[in-house]
Structures are given as C-alpha cells and as structure tokens.
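First the structure, in the form of structure tokens, and then the observations on it.
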Amino acid sequence: RRTQIKRCNKVVDDVVRSLGRKAAATLSEMKDLDKGISGLPTTMDIATAGVTRFVSKNNDIKKSTKYFLAMNNAITAGGMSTQVQSAAVEQLSQAYSKGKMDMQEWRSIQTAMPAQLNQVAKAMGMSTDALGEGLRNGTVSMDEFMDTMVRLNEEGIDGLASFEDQAKSATG
C-alpha cells in the first residue's frame, strides 16, 4: 500500500505542479484520500486517477479529493457489482469534466446508486427525474450536484446515514 501511495503521490504531484500547487498540500490530500478509501474495494490508483480528473477541471485538489470520496462512497453504497461501479465512476468523472451529463452517463450512475441518487435529488429539493433532466440540460450544474454529494457524504439526510457510512455498511 505504501508503494502505491508513493507512486500515486508522484502522479498527483506532477499534475499539481503543472497547475501551480504546492506538493505539501498534495501529500495532505493523499493522506485524506487513503483514509477515505480505507476498508473499501477502491484502490489508491483508482482514487488518485479520479482526483486527478477532477483537479484537471477545477484546479482544486482539496475540493477534488472531497468530490472523489463522495462519489466513490455513494457508488459503493449502491451495492452493485464492481463492473457497474467502475462504469459509474468513469461516467460521472467524464460528466464532471464536460460540465454536463448525457443520458448514458445518467443511466450509468442511476444503475449504480439509485437510492443515493434519490437522496441527492431530495437534498436538492427535486425528484430524481428532475435532477437527471437538470444535469442533462445544464440547469443543474455539476458543481451543485457534487457539492450536494459531498454534504451527504459527510452528513446524510433525513435520518439516513452519510454516504461514507453507507459505503462501509455495503462493503462490511
């Protein structure tokens, strides 16, 4: 695991340096990332690649780490097969990079995390269908969507456990 972390640190350091960030911040976020995926089936390589994709869009490693962990926990909490989960991580990362979701991306995350998607929609004051439509037509930004996922990853909603706790229960 330490070897993976060192290798991942180098990849993220290279990206972060190219974006003008300090390596010390990267190391701190890598520790948070490692802690966040501990006990989950997510490898450090996958986590680092996910964070790197978010950083390339928003230039914020702290925010990107939170986004990845929230997304990963919500998808893991969905309890679907690893193949479905991997596809959803890829599709959601692509949608974020584009700033808008298409129907294929929406269906992928809907398949991987139906209950969690409903929780996100509810937290945003809308139905799941309205959320999907808003993400596809751009009336709901990907940042709004991801910020809500981060909030639910940390707090949960309406007495439900946080995405982090749901993911741990789903893989327990």
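The values are calculated or read from the model by the stated rules, or taken from the named source; none is laboratory data. Remember, it's a predicted structure, so these values are computed and weren't measured experimentally. Heads up, the Cβs are rebuilt from the backbone with ideal geometry, glycines too, and the neighbour counts pull from every protein chain shown. Heads up: the accessible areas ignore ligands, DNA and RNA and are worked out on the full protein's heavy atoms, side chains in. Shrake-Rupley method; radii C 1.70, N 1.55, O 1.52, S 1.80 Å.
Structure above, values below:
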quantity: Matching entry among 21, 1 (being of a type in the set (Lys, Arg), open to solvent by 60 Å² or more (accessible area, probe 1.4 Å), modelled with pLDDT under 90 and within 25 Å of residue 170 (Cα to Cα)); calculated: 1
quantity: Residue satisfying all of: in region 111-127; out of contact with any Phe, Trp or Tyr (no Cβ under 7 Å at 6 or more places or on another chain) and closer than 10 Å to residue 77 by Cβ; most open to solvent (accessible area, probe 1.4 Å) among these; calculated: 115
quantity: Complete set of residues in region 128-146 that are outside any helix (DSSP H, G or I), in contact (Cβ under 8 Å) with a residue 12 or more places away in the chain and either open to solvent by 40 Å² or more (accessible area, probe 1.4 Å) or under 16 Å from residue 71 (Cα atoms) (or both); calculated: 138, 141
quantity: Any hit, region 149-159, residues being more than 25 Å from residue 37 (Cβ to Cβ) and not hydroxyl-bearing (Ser, Thr, Tyr); calculated: yes
quantity: Residues (under 15 Å from the mean Cα position of the chain (by Cα) and either loosely packed, with under 14 Cβ neighbours inside 10 Å or free of Cβ contacts under 8 Å to residues at least 40 places away in the same chain (or both)) located in region 99-110; calculated: 99, 105, 106, 108, 109, 110
quantity: Test for residue 50: is it modelled with pLDDT under 90, within 21 Å of residue 169 (Cβ to Cβ) and not in a loop (DSSP other than H, G, I, E, B); calculated: no
